[in-house]
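Asker: This is the structure, below, for whatever I ask next.
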Amino acid sequence: MIDFGYTLTRDRQLDYDRGDFRFLRIVRAMEPSLDVCIGCGSCTATCSAGHFTGFNIRKLHTLIQRGDNETIKAELKKCMFCGKCQLVCPRGVNLRNLILAMNRAIEQLG
Amino acid sequence: MKREGKKLIWDEYQKEIADDNYFYVRSCVRQNFFPGAEKTFLRYMKELGRNVFENPSHTTCSGIGYHSDIVPFETAMTMVARQFALMSEAGYENFVTSCITSFGLYSEVLETWHHFPEIEEKTRVHLKNATGREFNKPKNLAHASDVTFRLRKEIAKAGKYRLVNQITGNPIRVVEHIGCHYSRMFPSKGVGGAEYPYVLVGMIEEWGGEVIDYPERRHCCGFGFRQYLVKANRGYSISASKKKFDSMKPYKPELILTNCPGCPMFLDRWQYTISEMEGTTYGENSQGIPVMTYEELAGLILGYDPWDLGLQVHQVPVEPLMDKIGIPYDPEKKFLDKDGNFMGKPNSPAFLKFY
């Protein structure tokens, strides 16, 4: 490979035709409160793991909607399961169960 | 919608293109990028009985400097006024540009003068003070691809070949790419406007090919002046081209047709660069997708020798396309100059198939 002195930038276009939405369907069935999220970010602001690892639950919500399951798998490992996010959620989303549901969905899909 | 209504709407997307007696202005960069293209235009215009006049005193329009934020607009307008003066002195009224950026700049200047006559007067004073010249504005401003579009039926009639695969009988699958400065700034100045640019599509359809649509069809080629002129920024340029290649690849195009100086340059050269960066090629069997200017394609259709058209300086070899259409060529003469002297042969790329 030749080094030309500049590099290719990864395309950040979201292609919904390439998303894998099986994950979203399983998680939504296990925890329907996922759909009442308003994306305020309170969960992320109070996240214990987020202070040390960059874990971002609001981002996870976006990734599920996009069908980007590979990134979700890597992110989920960072959660400490403290539940503070659930305490501050203004919409009452069962976030701990949501994390559990995501882990179960990963097990199901392999 | 009623068919008559559609026709009426489509009429609004057409532009007037003069039929003869053109004052032709060349591009600064095309003779380096694709050296046979402009010569080929002049050749088929002559063969089709059209009068084209050139003045060797013609200089850059300054568009490349203007779009690189180096040349101020006042200077650019005075440069453009000088080109119009050359046209007026030669007794012509139909101005034809080889370069898309020139076409965009001439359109921009004429539009500015239309809305702000006092700026036109100021430019006339600048030109008179600097050169002693005066000028008339052209009655008709067209890009050379507009003129070729107008003559597309005559070229098809006089042509020896059609864009048809001789083995399968299927039309050649062509992706067309319009230069940004053709009709995006001033939609009414381009055939089909900014929404339905038809200038290259019309040629492809008339010459027997099939136009391929794909998601990033109207995406910029990546040249973008400032994206390329500074080496550190070239990642933006090549990434934009890659976005187009990735988007068009599933549709299996056999040719990319362009009408801008920068677009064929970058769509052609970046295919090599991407292949050397990450081993990706976009055509069949490690080939690239050949990229051509409309003049080169018209030349091929008319049966001109491919090496007279300058196809040997393309980074992506055009031989697979010529084989499909059934155009004969002599591989032994590929790297000989017009006097038969060997020009030297480039090294073979690591991934892109070379002929």
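Read-outs: derived from the displayed coordinates by stated rules, not from any lab. Because the structure is predicted, anything quoted here is derived from the model rather than measured. Every residue, glycine as well, gets a Cβ built from its backbone with ideal geometry; the counts of neighbours run over all protein chains shown.
Asker: Kindly flag which residue pairs out of B:Lys15/B:Lys139; B:Lys324/B:Lys353; B:Lys46/B:Lys153; B:Lys160/B:Lys324 have an alpha-carbon separation exceeding 18 Å in this structure.
Answerer: none
Asker: Working out 0.36 nm times the residue gap between B:His115 and B:Lys2, then minus their Cα-Cα distance, what length gain in nm do you get to one decimal?
Answerer: 37.0 nm
Asker: Nearest 10 degrees is fine. How inclined is helix B:234-248 to the longest principal axis of chain B, computing both from alpha carbons?
Answerer: The answer is roughly 60 degrees.
Asker: Among all cysteines in chain B, which have no other cysteine Cβ under 4.7 Å from their own Cβ?
Answerer: When partners are defined as cysteine Cβ atoms under 4.7 Å apart, chain B leaves B:Cys28, B:Cys61, B:Cys99, B:Cys180, B:Cys220 without one.
Asker: Next question. Which residue fluctuates the most in chain B, going by a Gaussian network model with Cα springs under 10 Å, if the choices are B:Gly326, B:Gly49, B:Gly104?
Answerer: Comparing B:Gly326, B:Gly49, B:Gly104 in a Gaussian network model of chain B, the most mobile one is B:Gly49.
Asker: What is the distance in Å between the Cα centres of region B:40-90 and region B:123-154?
Answerer: After rounding, the separation between the Cα centres reads 7 Å.
Asker: With just the Cα atoms defining each centre, how far is region B:197-271 from region B:281-334? Give it in Å.
Answerer: Using only Cα atoms to place each centre, the spacing works out to 17 Å.
Asker: Which Rg and Dmax, in Å, describe the Cα atoms of region B:84-140?
Answerer: 11.6, 29
Asker: Then there is this: Å³ per residue of the Cα convex hull, for chain B?
Answerer: Enclosed volume per residue, from the Cα hull, is 156 Å³.
Asker: Here's a follow-up. Not counting the cut sites, what is the longest span of chain B without trypsin sites (Lys or Arg not before Pro) that DSSP labels loop and that have at most 15 other Cβ atoms within 10 Å?
Answerer: B:3-132
Asker: DSSP loop (so not H, G, I, E, B), at most 16 other Cβ within 10 Å: list which GluC sites (Glu not before Pro) in region B:1-33 pass both filters.
Answerer: Loop-located and lightly packed - B:Glu12, B:Glu16.
Asker: Calculate how steeply helix B:100-115 sits against the longest principal axis of the alpha-carbon atoms of chain B, using the helix alpha-carbon long axis, and give the answer as 0 to 90 degrees to the nearest 10.
Answerer: 30 degrees
Asker: Separate question: Name the chymotrypsin sites (Phe, Trp or Tyr not before Pro) in region A:1-80 that are in a loop by DSSP and that have at most 14 other C-beta atoms within 10 Å, would you?
Answerer: When the chymotrypsin sites (Phe, Trp or Tyr not before Pro) of region A:1-80 are filtered for loop state and at most 14 Cβ neighbours within 10 Å, A:Phe4, A:Tyr16, A:Phe21 remain.
Asker: Right, here's the next one. Work out the charge dipole of region B:20-144 with +1 on the Cβ of Lys and Arg and -1 on the Cβ of Asp and Glu about the Cα centre, then indicate which of B:Asn21, B:His126, B:Ala37 is farthest towards its positive end.
Answerer: It is B:Ala37.
Asker: If you count the DSSP beta bridges with both ends in the protein assembly as shown, what percent of them are antiparallel, to the nearest 5?
Answerer: 10 percent
Asker: With both bridge residues required to lie in chain B, what share of the DSSP beta bridges run antiparallel, to the nearest 5%?
Answerer: Bridges in chain B that DSSP calls antiparallel: roughly 10 percent.
Asker: What's the average, rounded to a whole number, of partner chain beta-carbon atoms within 10 Å of each residue's beta-carbon in B:233-239?
Answerer: Neighbouring Cβ atoms belonging to other protein chains average 4 per residue here.
Asker: State to the nearest 20 debye the size of the charge dipole of region B:161-333 about its Cα centre, where the only charges are +1 on K and R beta carbons and -1 on D and E beta carbons.
Answerer: My answer is approximately 840 debye.
Asker: Give or take rounding to whole Å, what are the principal axis extents of the alpha carbon atoms in the protein assembly as shown, in descending order?
Answerer: 84, 59, 55
Asker: Next up: Could you tell me what percent of the DSSP beta bridges with both partners in region B:161-333 are antiparallel, to the nearest 5?
Answerer: If we restrict to bridges inside region B:161-333, about 10 percent are antiparallel.
Asker: Okay, moving on. Evaluate the charge dipole of chain B about its Cα centre and quote only its size in Debye, nearest 20, assuming +1 on the Cβ of each Lys and Arg and -1 on the Cβ of each Asp and Glu.
Answerer: Dipole about the Cα centre, nearest 20: 340 debye.
Asker: Sort by residue number and name the cysteines in chain A that have no neighbouring cysteine Cβ under 4.7 Å.
Answerer: If one checks each Cβ against the other cysteines of chain A, A:Cys37, A:Cys40, A:Cys47, A:Cys79, A:Cys82, A:Cys89 turn up with nothing under 4.7 Å.
Asker: With each run of n ≥ 4 DSSP H residues scored as -39500 (n - 2.57), what mean residue ellipticity at 222 nm is computed for the protein assembly as shown after dividing by its residue count and rounding to the nearest 500 deg cm²/dmol?
Answerer: Taking each H run of at least 4 residues, the total per residue is -13000 deg cm²/dmol.
Asker: Taking the Cα of B:Asn347, stepping 7 Å toward and past its beta carbon, and measuring to each backbone N in region B:244-288: which are under 19 Å?
Answerer: Flagged as within label range: B:269-280.
Asker: Another question, if that's okay. Send over the per residue convex hull volume for chain A, Cα only, as a whole number of Å³.
Answerer: 147 Å³
Asker: A:Asn94: net charge of surrounding residues, Cβ under 15 Å, Lys/Arg +1, Asp/Glu -1, itself excluded?
Answerer: Summing Lys/Arg as +1 and Asp/Glu as -1 gives +3.
Asker: Return, ordered by residue number, the residues of region B:15-48 whose backbone nitrogen is under 20 Å from a label point located 7 Å along Cα→Cβ of B:Lys338.
Answerer: What the label zone holds, given the 20 Å backbone N cut-off, is B:24-48.
Asker: Label region B:161-333 by shape, choosing from rounded, prolate and oblate, from the square roots a ≥ b ≥ c of the eigenvalues of the Cα gyration tensor; if a/c is under 1.5 it is rounded, and otherwise prolate applies when a/b is larger than b/c, oblate when it is not.
Answerer: The shape class here is oblate.
Asker: Related question: Could you tell me the ratio Rg/Rh of region B:1-143? Both radii from Cα atoms, Rh via Kirkwood.
Answerer: Rg/Rh for region B:1-143 comes to 1.02.
Asker: What angle do you read, to the nearest 10 degrees and between 0 and 90, between the alpha-carbon axis of helix A:95-109 and the longest principal axis of chain A?
Answerer: Roughly 50 degrees, rounded to the nearest 10.
Asker: Additional query: Report the charge-dipole magnitude of the protein assembly as shown in Debye, nearest 20, computed about the Cα centre from +1 at each Lys and Arg Cβ and -1 at each Asp and Glu Cβ.
Answerer: Dipole of the protein assembly as shown, to the nearest 20 debye: 1540 debye.
Asker: Using 0.36 nm per residue, how much length does the chain from B:Leu229 to B:Asp20 gain when fully extended, once their Cα-Cα distance is taken away?
Answerer: 71.6 nm
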